[in-house]
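Okay, structure first, notes after.
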Amino acid sequence: LTRYKFKGRKFLDALVDLPMAVPTSALGFSLLLFWAVFGIEPGFVLILLGHIVFTFPYIVRNMKIVLEKTKVLYEDAARTLGASGITVFRTITLPMMKEGIIAGAILAFTRSLGETGATIILSGLVETGPILIVGFRRQLELPAASLLAGILIAVALGLLFSVKFLTRKVGFPVKNVWPEIETALSHKYLRYIRDGLTIIILLGFILIPSFFIVSRIFEYNIIEDVFEGQDNKWAYLYVSFINSISIAGLAVLITLLFGIPFAFILTKREWGRVLTFIDTLLDIPIAIPSAALGFAIFMFWGPAGIGLFSPGFFMILFVHITFTFPYMVRPIIGVLESSNEGVEEAARTLGASNLTVFRRITLPSIKQGIIAGCIMVFTRSLGETGATIVVMGGIRTIPVLIVDWVEANSFGAAIFASILVIVFSAVLIFILRLTRQKGEV
C-alpha cells in the first residue's frame, strides 16, 4: 500500500479499513457462516480467526502511517551501494517502522482483549474476560465483574503507558549482515511468492470471510422472516436502527462540541509535562476494553454508584461519548498541527477578533479533521456491542440485536441486519476516504 503503485490501490486501502468500521457482531456472524463451510465450529480457533480479522487493520494502518512519513532516499541509497532487499528492510526500513509496529501491536492487543460482539457469536463454550463481565453483570454478580473489569483496565493502561514512554527505548538488532543468505532470500521469484502469499492471506482470511455474509442473502427467506413473520422483527429492527443512529448522532454532536476546544488546548497551550499527561489521558478510553469501561461507568454513575443514570438510552449515550471522544479529537489535532498559524496571526494584526479569526480562518482550515472525526465517532458508536450490553437496560441497538438473533438461530433476520450495517459503514468509510484525499488528516 505504500511502496507499490497499482490500479485499485486506494480501493484496496479502503477495504482494509472496513473490518475496523463494521460492527463486530455483523463481522463475527459473517465469519461464523464462512468458516462453517470448512467445518470449523464455534470455539477457541474461530475466536482467534475472528480477532485476526478485526485487529488486522490496526496493524496495517499504524505501519502504513509510519512508512508514508519515512524517506525512501535511505532505502534507495542502500540498494545503490549493493544491499539486498532483505538487508535494506532489516537494517533501514524495520528500525524506522519501530514505533508503528509497537503502537499497532499494542492497539491490536487491547482491541482483542476487549472485544465482545463478535466473540459472543464465535465463542461457543469458550469464555473471555469481556464475555464474563457481561455475564456477571446480567447475573448481578457485581463484585466479580468489578474485579475482572479492574484487571482488564490495569492491563490495558499498562500497555498504553508502555507505548507512550518506552517506544523509543526499544531497538532492533541490525549490526550483523549475512550478504549471501540475504541476497538469495531477496531473489525476485521469492518476492513474487511473498507478494502472492500476502494477497492470498488478505483475501482468504480477511476480506472474503468479512463479506461472505452477502453471498448468503438468497439462502434464507429474508422477506418472510423479517417483514412477514408474526414476531414483528421488522419493528425491532427499525427501533434498534433508530436507537443506533440516534445514539451515534448525539455522540457526534457532543464530542464535536467539546472536542474542538480540547484539541486547541492540546495544540495551542504550552503546559509542558502537564500537556503530555493530558494527551496520554485522552487515549485511555481507546485502550480500555469497552465492556470493562461500560461496567466502570455503570458502577460509578448508575444505581450502584451516585445514581445519576439508570441503564437505558442515556447511559448508553454517556458510555459512547466516553470511548468515542478520542476519535473526534485526534483527527482535529492532526490538522491543527499541520496548519499555518501565520494566516491567523496576520488576521489578528489587521484587527480581526479571536472569534472572527476562528470562524473565518481556523474553522474552515480544520474542516477535513472535523469530517474525519465525525465519521470515525459515528461508525465506532454504531458498531459498539460490549459496553452497550452492560448498560442498555431494555434498549436494543443494531449490534446487540444481531447477537440476539444469532443466538436465537434467526439467521435470515441476522443476515439482513448485518448487511444493512455493513453497507452503511462502507458508505461512511468511503466518504472518509474522499475527505482525506482533499486534505491531510
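The values are calculated or read from the model by the stated rules, or taken from the named source; none is laboratory data. Values in this document were obtained by computation on a predicted structure and should not be read as measured data. All Cβ positions, glycine included, derive from the backbone under ideal geometry; neighbour counts span all protein chains shown.
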**Report entry** Conditions (1) within 30 Å of LEU147 (Cβ to Cβ); (2) modelled with pLDDT of 85 or more: number failed by CYS374
**Finding:** (1)
Query raised in the report: Going through region 109-129 one residue at a time, which ones are polar (S, T, N, Q), assigned to a loop (DSSP other than H, G, I, E, B) and closer than 13 Å to LEU27 by Cβ?
Result: THR116
**Report entry** Out of LEU166, LEU152, sole residue that is modelled with pLDDT of 85 or more and closer than 23 Å to LEU282 by Cβ
**Finding:** LEU152
Requested in this report: Considering every residue within region 87-108, establish whether at least one is more than 24 Å from ILE52 (Cα to Cα), crowded, with 20+ Cβ neighbours inside 10 Å, touching a residue at least 60 places away in the same chain (Cβ under 8 Å) and of a type in the set (Lys, Arg).
Outcome: no
**Report entry** Residue match in region 379-386 (condition: touching a residue at least 12 places away in the same chain (Cβ under 8 Å), β-branched (Val, Ile, Thr) and touching a helix residue (DSSP H, G or I) at 6+ places or on another chain (Cβ under 9 Å))
**Finding:** yes
Requested in this report: Residue by residue through region 343-395, note down the ones that are closer than 18 Å to LEU250 by Cα and among the basic types (Lys, Arg).
Outcome: ARG380
Query - Inter-residue pairs, beta-carbon under 9 Å, first of a type outside the set (Gly, Ala, Ser) and in region 419-433, second outside any helix (DSSP H, G or I) and surrounded by 15 or more Cβ atoms within 10 Å (Cβ to Cβ), 6+ apart - result: VAL421/VAL22; VAL421/PRO23; ILE422/VAL22; ILE422/PRO23; ILE429/VAL22; LEU432/VAL441
Report summary line: Of the listed residues (ILE333, ILE389, ILE398, ILE422), the one being at pLDDT 80 or above and within 30 Å of LEU266 (Cα to Cα) is ILE333
Query - helices (runs of 4 or more DSSP H) wholly inside region 1-72 that include at least 2 residues being crowded, with 19+ Cβ neighbours inside 10 Å and at pLDDT below 85 - result: 9-21, 44-69
Requested in this report: Tally the residues that are crowded, with 21+ Cβ neighbours inside 10 Å and assigned to a loop (DSSP other than H, G, I, E, B), restricting the search to region 373-395.
Outcome: 2
Report summary line: Of the residues in region 109-140 that are closer than 30 Å to THR70 by Cα and not hydroxyl-bearing (Ser, Thr, Tyr), the one that is surrounded by the fewest Cβ atoms within 10 Å (Cβ to Cβ) is PHE109
